[in-house]
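The block underneath contains the structure these notes are about, expressed in structure tokens.
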Amino acid sequence: MNQGFRADLEPKGKGIFVIRLRGYLDAYTAPQLDTLIAGLLEQNSNRIIVDCAELDYISSAGLGVFMAYIEPIRAAGGDLKFCSLNERIAMIMDMLGFQHIFHITEHFDQALRAFEIPSD
Amino acid sequence: MVVHRFLPLQQTTSSLLLLGISLGGAHVIVVTLSETFGRWLPPLVLMLLEALAVTTSLTAIGVLGWGVIRESQQHEAPDPRRVRNWLRWSSIGTVGMLLLLPSIVEHDVQHVVYLALEGGAILALVGWISHGLLSVFYHYRTARTPFLLRGVSFVFAVTLLLEWIEHLTDVESLKAAKAINVLVLVVLTLLLSRRRRWLRLTTRAERWSLAGWAAVLAGVAAFAAITLFDGQTHQAQALREWFVGSNILAGSLFLMVSTYAVVVVATVVGGEGAAERKAFEFDAITFLSRVASQHDTPEELYQTIITLALGLSDATSAWLYLNDDTGEPRIAVLAGIDVDRAEALMIPELIGRTLERDVVVIPWLREDERFYRIARSVESYAQSLVVVPLADNDTYYGSIVLLSNQPFAFERGDIQLLDAFAPAVTIALANNRLMREALLRERLQRELSMAREIQQKLLPDDIPPLNGWEVVGWSEPAYEVGGDYFDYFWLSGGTACVLVADVSGKGIRAALYMAKLKGVCTALAPMCSDVHEFVVRIHQTFEGVLERRVYITLAAIGIAPDGSTTIVRAGHPPPFASQSKGKVEILSTRGIALGLVSTERFSEITEVTELDHRWQQLVLYTDGVIEAGVTSNKELGLDGFSDLVSQASHLASAAEIAENLRTVLRQRAGEHILHDDMTMVVLRCSTNTKVTSESGLPC
């Protein structure tokens, strides 16, 4: 796996954090993301937007990270939303039925707005 | 090595020596002045000059003595070669002093000046020789050395005092006291040279060369001592010109040198053990290389290493500080010591240097600033310590820690030997580890092959015709075992179910879930009448059982007794459907993977869809097929795979289609290692004419 992976964290104010993913998220790189989200939860930051604009690939291990944290995040009153999925990743998510458990938006602004004006 | 400070001196040695020599020069000048112009000078000035001469001589000798002591302490440890050089040049210098000086003409006009110059030369020689002797005493010291050296100083002081009393009062009856002093000096010298093991650790040639020069020096120094003790000799007078008694002090020193030289000769001539020791070294190394090639357990090897290390040195106990597979270096395999005592010595500073793979030598714990605090409490079993690292360029295997209950138990020769022994030990450890790793790998490989065989047996060999459909499947795990699964089941009421599933993740973990899935399906099938119910009940069984990060996707095709088909797709890549020669349809029905939501939600989301009766071919597969080549950006993708399926659809049977696609996919993968498990099941309606369901006949 020589394709690089990066997960950058950016606070957006109002307790919202954006995780920008880049490259290949697989079994080798998933622990990085895991540590990042665990760190956010530790400081009670549970309003998270995962920006996938530059994410090229996601494996089951990568998806597993989100599955592991979605329940604790929601239990703490927060949410984890996805935005800007490329075609391939959108297809994978759709195939697995992830749209039934995660809030997935086309653009970043939509995800941000969804946090600011909570829908029912 | 930490040099023990006997005196709290701050001045630099060279400035002390320079000052001493300048004062000596001043003394000679003053003597010359008073001798040359004495008869014309008033008595008061003459007296002042004489007082100045005494002051400069005494100060010069004091400062020089100080410099010599200081220089000896800081001097690099004298190895046998340096000691031999010292013995040689001391002999030559002493011979020069004895033969050359008396040839100088007496009763010259400037006789006193000559005497002063000669006395200065003898003093310089004495300073140089005593510097060598002191260096040897300091560096081959024992715990009692400082005390004994203080004794020597005391005897010198008493001797000088007696000389002055004799000089000022003309008392001649102090000879007995002086003789006792000389005797005490000899005894002190013998005690100071008790540490002689280093002599036995040198090579044979070096030992005999040392002994030869020591024999020469023993003789000439004894002769020099006698010459100087006799106050009438030229050399004694030259020294006495500097101050009264200096000839006796210098003579005493020559006596000490002679005594020490005799000790060296005796040690070498009577030295036993050297040959036996060499033989033991040889045995140790051959033994170790034999041990390294045997299938010993690591514990046996460690025990051998410690036994040999103890045999190669004078250590009283030893242990290995081992960096084995556990990741955390630890104290292991102790000999002559228990873990608690060993742990007390592994202070952080020592561990730090040990882990940096340094050779650590602590001649005496009490002198070492790092051990100073604990030195007294461990004194009964630990006074000196050596750590020898066992490492090659890549790997640090550990260190041998050797301990002695005596101070200064490890000589330079011991360290050299242990250092030479370390690579052989390292190779033995490396071999042993490699061998163990190879055995472990072999065992794991065997286990995995067995697991693979068993997993292959979990998949059906031949699938019989199912309600008029020919079904063929294959599966290729990326590793020995994987999480892909395909199978067929008979549900109650005669419906057949063909199923392809994929447990997320890879390897053993996925394989174990896959095996569980097989059991669950086999148990549930007879209790379900349709595919949707079957899949929902599978979900129910797994709810709360799967780890949070794990999910299972599956696609199930139900084949009713009349040959009509239904599909349930739970998060799985969409199957393909086609007529015998036609466009390929992608069956993206609604559904969600198992393990993501509650069974109730799962049942709501996951729908069952009836398939068009015109479709005579169905292809189920796992994502490994469409993702093949993803790491090299040559991913096949859904479209690429649908093209391949379309190209293969003209083939006559499901078996041919499955085999064709398998060959094509294998060719694409080439020599690359599979990224993910690949599985495929091809279903084909056995007859070309679809029979209506009303007829009750399959297909």
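The values are calculated or read from the model by the stated rules, or taken from the named source; none is laboratory data. Treat the numbers as computed from the prediction; the structure is a model and nothing was measured. All Cβ positions, even for glycine, are placed from backbone atoms using ideal geometry, and neighbour counts span all protein chains on display. Accessible surface areas use protein heavy atoms only, side chains included; no ligands, DNA or RNA. Shrake-Rupley method; radii C 1.70, N 1.55, O 1.52, S 1.80 Å.
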Q: Within the stretch B:25-43, identify whether any single residue is touching a helix residue (DSSP H, G or I) at 6+ places or on another chain (Cβ under 9 Å), over 13 Å from B:G120 (Cβ atoms) and among the β-branched types (V, I, T), and answer yes or no.
A: yes
Q: Examine the stretch B:554-563 for a residue that is buried (at least 24 other Cβ atoms within 10 Å of the Cβ), away from chain A (no Cβ under 14 Å), closer than 29 Å to B:G494 by Cβ and within 60 Å of the chain's Cα centre (by Cα), and state whether such a residue exists.
A: yes
(Q) When you scan the stretch B:72-79, do you find a residue that is at pLDDT 85 or above, surrounded by 17 or more Cβ atoms within 10 Å (Cβ to Cβ) and under 48 Å from the mean Cα position of the chain (by Cα), even just one? (A) no
Q.
Filter the stretch B:408-428 down to the residues that are touching a helix residue (DSSP H, G or I) at 6+ places or on another chain (Cβ under 7 Å) and open to solvent by less than 60 Å² (accessible area, probe 1.4 Å) and list them by number.
A. B:E411, B:G413, B:L417, B:L418, B:F421, B:A424, B:V425, B:A428
Q) Is there any pair linking a residue in the stretch A:6-20 that is touching a residue at least 60 places away in the same chain (Cβ under 8 Å) to one that is of a type in the set (D, E) and in a strand (DSSP E or B), with Cβ under 6 Å and at least six apart or on different chains, and which? A) A:V18/A:E10; A:V18/A:D51
Q | Check on B:N181, part of a helix (DSSP H, G or I) and either in contact (Cβ under 8 Å) with a residue 40 or more places away in the chain or small (G, A, S) (or both) | A | yes
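Give the stretch B:297-354 a look and list any residue that's open to solvent by 60 Å² or more (accessible area, probe 1.4 Å) and on the phi > 0 side of the Ramachandran plot, or say none. Step through it out loud before you land on a result.
We begin by selecting, within the stretch B:297-354, every residue open to solvent by 60 Å² or more (accessible area, probe 1.4 Å); these are B:297, B:299-300, B:303, B:307, B:314, B:316, B:325-326, B:328, B:330, B:336, B:338-341, B:343, B:348-349, B:353.
Correct list: B:G336 only.
Quick one: in the stretch A:1-44, of everything that is small (G, A, S) and more than 25 Å from A:E116 (Cα to Cα), which residue is surrounded by the most Cβ atoms within 10 Å (Cβ to Cβ)?
If we filter the stretch A:1-44 for residues that are small (G, A, S), which is where we start, we get A:4, A:7, A:13, A:15, A:23, A:27, A:30, A:38-39.
Now restrict to residues that are more than 25 Å from A:E116 (Cα to Cα): A:4, A:23, A:27, A:30.
Working: A:G4: 10, A:G23: 16, A:A27: 15, A:A30: 23.
The residue in question is A:A30.
Can we say B:T541 is within 22 Å of B:L683 (Cα to Cα) and away from chain A (no Cβ under 14 Å)? Before the answer, list the steps.
Numbers: within 22 Å of B:L683 (Cα to Cα): no; away from chain A (no Cβ under 14 Å): yes.
Judged against the criteria, B:T541 is not a match.
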Q.
Would you confirm whether or not the stretch B:489-500 contains a residue that is within 14 Å of another protein chain (Cβ to nearest Cβ), crowded, with 20+ Cβ neighbours inside 10 Å, at pLDDT below 95 and not in a helix (DSSP H, G or I)?
A. no
Q: Could you tell me whether B:Y513 is among the hydroxyl-bearing types (S, T, Y) and touching a helix residue (DSSP H, G or I) at 6+ places or on another chain (Cβ under 8 Å)?
A: no
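Which residue, of B:D368, B:D392, B:D419, B:D414, is farther than 25 Å from B:Y138 by Cα and of a type in the set (D, E, K, R)?
Details: B:D368 fails: farther than 25 Å from B:Y138 by Cα; B:D419 fails: farther than 25 Å from B:Y138 by Cα; B:D414 fails: farther than 25 Å from B:Y138 by Cα.
Going through B:D368, B:D392, B:D419, B:D414 in turn, just one is farther than 25 Å from B:Y138 by Cα and of a type in the set (D, E, K, R): B:D392.
Does B:G571 meet the test of being within 16 Å of B:R684 (Cα to Cα) and not β-branched (V, I, T)?
On the way: within 16 Å of B:R684 (Cα to Cα): no; not β-branched (V, I, T): yes.
Against the criterion (within 16 Å of B:R684 (Cα to Cα) and not β-branched (V, I, T)), B:G571 does not qualify.
Can you tell me how many residues in the stretch A:32-53 are under 30 Å from B:E635 (Cβ atoms) and within 14 Å of another protein chain (Cβ to nearest Cβ)? Write out each step before concluding.
Of all residues in the stretch A:32-53, those under 30 Å from B:E635 (Cβ atoms) come to A:32-37, A:48-53.
Next, from what is left, pick out any that are within 14 Å of another protein chain (Cβ to nearest Cβ): A:33-34, A:37.
Adding up the residues that qualify gives 3.
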Q) Which residue out of B:L385, B:L390 is modelled with pLDDT of 90 or more and closer than 21 Å to B:P423 by Cα? A) B:L385
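Which members of the stretch A:96-118 meet the condition of being facing chain B (nearest Cβ under 10 Å) and either open to solvent by less than 20 Å² (accessible area, probe 1.4 Å) or aromatic (F, W, Y) (or both)?
Residues of the stretch A:96-118 facing chain B (nearest Cβ under 10 Å): A:96-102.
The answer is A:L96, A:G97, A:F98, A:F102.
Condition check ((1) at pLDDT 85 or above; (2) within 29 Å of B:H539 (Cα to Cα); (3) touching a strand residue (DSSP E or B) at 6+ places or on another chain (Cβ under 6 Å)) across all residues:
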site: B:D612; (1), (2), (3): yes, yes, no
site: B:W615; (1), (2), (3): yes, yes, yes
site: B:G624; (1), (2), (3): yes, yes, yes
site: B:V630; (1), (2), (3): no, no, no
site: B:L636; (1), (2), (3): no, no, no
site: B:A654; (1), (2), (3): yes, no, yes
site: B:L665; (1), (2), (3): yes, no, no
site: B:A669; (1), (2), (3): no, no, no
**Q.** Condition check for B:T566: open to solvent by 20 Å² or more (accessible area, probe 1.4 Å), at negative phi and in a strand (DSSP E or B)
**A.** yes
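Taking the stretch B:260-273 as the search range and keeping residues that are over 30 Å from B:E300 (Cβ atoms) and open to solvent by 20 Å² or more (accessible area, probe 1.4 Å), which one is modelled with the lowest pLDDT? Talk me through it step by step, then tell me what you get.
Our first condition is that a residue be over 30 Å from B:E300 (Cβ atoms); within the stretch B:260-273, this holds for B:260-272.
Then drop every residue that is not open to solvent by 20 Å² or more (accessible area, probe 1.4 Å), which leaves B:262, B:265-266, B:269-272.
On the way: B:V262: 94, B:V265: 91, B:A266: 91, B:V269: 85, B:G270: 80, B:G271: 69, B:E272: 55.
It comes out as B:E272.
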Q) When you go through (1) loosely packed, with under 14 Cβ neighbours inside 10 Å; (2) within 30 Å of B:R196 (Cα to Cα) one by one for B:R446, which number turns out not to apply? A) (2)
Q: Please enumerate the residues belonging to the stretch B:572-588 that are in a loop (DSSP other than H, G, I, E, B), away from chain A (no Cβ under 11 Å) and at pLDDT 90 or above.
A: B:P575, B:L587
Q | Positions within the stretch B:595-622 being surrounded by 24 or more Cβ atoms within 10 Å (Cβ to Cβ), within 11 Å of another protein chain (Cβ to nearest Cβ) and either under 21 Å from B:S564 (Cα atoms) or charged (D, E, K, R) (or both), in sequence order | A | B:T606
Q: Considering only residues that are within 12 Å of chain B (Cβ to nearest Cβ), assigned to a helix (DSSP H, G or I) and among the aliphatic types (A, V, I, L, M), look in the stretch A:54-78 and name the one that is most open to solvent (accessible area, probe 1.4 Å).
A: A:A61
Q.
Of the residues B:S57, B:S22, only one is open to solvent by 30 Å² or more (accessible area, probe 1.4 Å), polar (S, T, N, Q), under 22 Å from B:I69 (Cβ atoms) and in a helix (DSSP H, G or I); which?
A. B:S22
Q. If we keep just the residues of the stretch A:81-95 that are within 14 Å of chain B (Cβ to nearest Cβ) and not charged (D, E, K, R), which is farthest from B:I626 (Cα to Cα)?
A. A:N86
**Q.** Members of the stretch B:507-553 that are more than 27 Å from A:I58 (Cα to Cα), open to solvent by 10 Å² or more (accessible area, probe 1.4 Å) and outside any helix (DSSP H, G or I)
**A.** B:S529, B:D530
Q | the stretch B:360-390: number of residues that are touching a strand residue (DSSP E or B) at 6+ places or on another chain (Cβ under 6 Å) and either closer than 22 Å to B:T304 by Cβ or open to solvent by less than 20 Å² (accessible area, probe 1.4 Å) (or both) | A | 11
(Q) Contact list please: Cβ distance under 6 Å, first residue in the stretch B:410-436 and in contact (Cβ under 8 Å) with a residue 60 or more places away in the chain, second residue surrounded by fewer than 18 Cβ atoms within 10 Å (Cβ to Cβ) and of a type in the set (V, I, T), pairs at least six apart or on different chains. (A) B:A424/B:I285
